[in-house]
């Protein structure tokens, strides 16, 4: 009897182990974790852990975690907080929270990531707002940054796509314009508390993802310092360089592996800010829009690359004709420049990879955005029919879903991605 019990116990243990092994095996097959290699710099190139060169070719997930007014077709209402305020006026707090939840869940999904992988994209750049890592209410949630980062990283791990994390909106504002949700001046450079918060957020991100190869790197701040402040550029550049140096040093205490991406100043166009090289695993990033397609547009960055033997990257470009996109992409590739075109998806617009239809009656929202909202009386006077507005916003969410999108074939072909 004792022998029988021992044998039975052994069988049970073996069965449990076999069952657990099968479960682990299934998990690995379903989620092939860490088959992507960490990427690092090697002279002017990016290479994987085996030394194979990788040229980045990708797209920005613009508008998803940082809503932009022109993508919502709202004139003068062109930053996340202004969009939120306008929608609050139109539909109230409860419906607004439901809208933002739907927007975050539908605008970008796993299906979008599968599609991008299928056409030949090898990485995506993810713009995000610093408020996603604070107690501030942002897009209807608080401290939701890691929730959406983790979701995207899981999708990209499954599809084998790299992710570049881009702080598009920094505490205090880095540009003094709408794109960083600021208040008319780049107060990041005047505010110690803003710099402290920015540093803390990046260190927290680096702690969490230090062992995650899906993340290609950390893009510390998008397009710092607008051209309006060129008279103060020397001082602002010095402050920006100090911030870069500080954050890199702090990140390296917890993460010595991931690449740091650094934007030049004046909308990421000038590399004069880089007084010296402060780390040996850095990519230097510039942005170019609406310029003639010729060597003059890229020569300063190539010169910087060759002088310092570092990689360079166009983090944003595009939003132009298919012909321009094709020609500029060819020019970049002829000179081995990593690139990421802006953006992936837009409503009723052909200057991006993906498109979706504008809902019926959506014009009520765009017309309200143009109207006089300077007083409460004007808000009440100009507010359109609430039922029609709510219906238009609900339809917007459905139209933005991948299954209801359609490809801008000319733009996608111009990027040399696969078009069915």
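The values are calculated or read from the model by the stated rules, or taken from the named source; none is laboratory data. For clarity, every value in this text was computed on a predicted model and none was experimentally measured. Ideal geometry is used to build each Cβ from the backbone, glycine not excepted, and the neighbour counts take in all protein chains shown.
Name the single residue, out of those in the range 266-296 being over 19 Å from the mean Cα position of the chain (by Cα) and surrounded by 20 or more Cβ atoms within 10 Å (Cβ to Cβ), that is nearest to residue 320 (Cα to Cα). Out of the qualifying residues, it is 266.
Scanning the range 55-69 for residues that are crowded, with 24+ Cβ neighbours inside 10 Å, over 9 Å from the mean Cα position of the chain (by Cα) and not in a strand (DSSP E or B) turns up just one, 67. Look at the range 207-230: where a residue is free of Cβ contacts under 8 Å to residues at least 40 places away in the same chain, no partner that is surrounded by fewer than 24 Cβ atoms within 10 Å (Cβ to Cβ) and in a strand (DSSP E or B) sits 6+ places away or on another chain with Cβ atoms under 9 Å. Determine whether residue 243 is over 23 Å from residue 64 (Cβ atoms), in contact with a strand residue (DSSP E or B) (Cβ under 9 Å, 6 or more places away or on another chain) and in contact (Cβ under 8 Å) with a residue 24 or more places away in the chain. Spelling it out, it is not the case that residue 243 is over 23 Å from residue 64 (Cβ atoms), in contact with a strand residue (DSSP E or B) (Cβ under 9 Å, 6 or more places away or on another chain) and in contact (Cβ under 8 Å) with a residue 24 or more places away in the chain. Against the criterion of being under 22 Å from residue 121 (Cβ atoms) and touching a residue at least 12 places away in the same chain (Cβ under 8 Å), residue 89 does not qualify. Within the range 301-316, residues that are farther than 14 Å from residue 55 by Cβ reach partners that are in a helix (DSSP H, G or I) with beta carbons closer than 8 Å, at six or more positions or on different chains, in the pairs 310/304; 315/268; 316/268.
Considering the range 208-249, the residues that are within 22 Å of the chain's Cα centre (by Cα) and in a helix (DSSP H, G or I) include one that is surrounded by the fewest Cβ atoms within 10 Å (Cβ to Cβ), namely 208.
Restricting to the range 126-149, what's the tally of residues that are assigned to a strand (DSSP E or B) and surrounded by 19 or more Cβ atoms within 10 Å (Cβ to Cβ)?
5
Is it true that residue 397 is crowded, with 18+ Cβ neighbours inside 10 Å, at pLDDT 95 or above and in contact with a helix residue (DSSP H, G or I) (Cβ under 6 Å, 6 or more places away or on another chain)? For residue 397, the condition - crowded, with 18+ Cβ neighbours inside 10 Å, at pLDDT 95 or above and in contact with a helix residue (DSSP H, G or I) (Cβ under 6 Å, 6 or more places away or on another chain) - is met. For the range 178-191, filtering for residues that are buried (at least 19 other Cβ atoms within 10 Å of the Cβ) and either at pLDDT 95 or above or in a strand (DSSP E or B) (or both) leaves 5. Scoring residue 66 on the criteria (1) under 27 Å from residue 420 (Cβ atoms); (2) in contact with a strand residue (DSSP E or B) (Cβ under 7 Å, 6 or more places away or on another chain) leaves a single failure, condition (1).
From 152, 165, grab the single residue that is surrounded by 22 or more Cβ atoms within 10 Å (Cβ to Cβ), under 25 Å from residue 283 (Cα atoms) and in contact with a strand residue (DSSP E or B) (Cβ under 6 Å, 6 or more places away or on another chain). Steps first, answer last, please.
Numbers: 152 fails: in contact with a strand residue (DSSP E or B) (Cβ under 6 Å, 6 or more places away or on another chain).
Result: 165 is the single residue among 152, 165 that is surrounded by 22 or more Cβ atoms within 10 Å (Cβ to Cβ), under 25 Å from residue 283 (Cα atoms) and in contact with a strand residue (DSSP E or B) (Cβ under 6 Å, 6 or more places away or on another chain).
Condition (residue is in contact with a helix residue (DSSP H, G or I) (Cβ under 9 Å, 6 or more places away or on another chain), in a strand (DSSP E or B) and closer than 23 Å to residue 155 by Cβ) applied to the range 27-47: is it met by at least one residue? Checked against the condition, which is being in contact with a helix residue (DSSP H, G or I) (Cβ under 9 Å, 6 or more places away or on another chain), in a strand (DSSP E or B) and closer than 23 Å to residue 155 by Cβ, the range 27-47 yields no hits at all.
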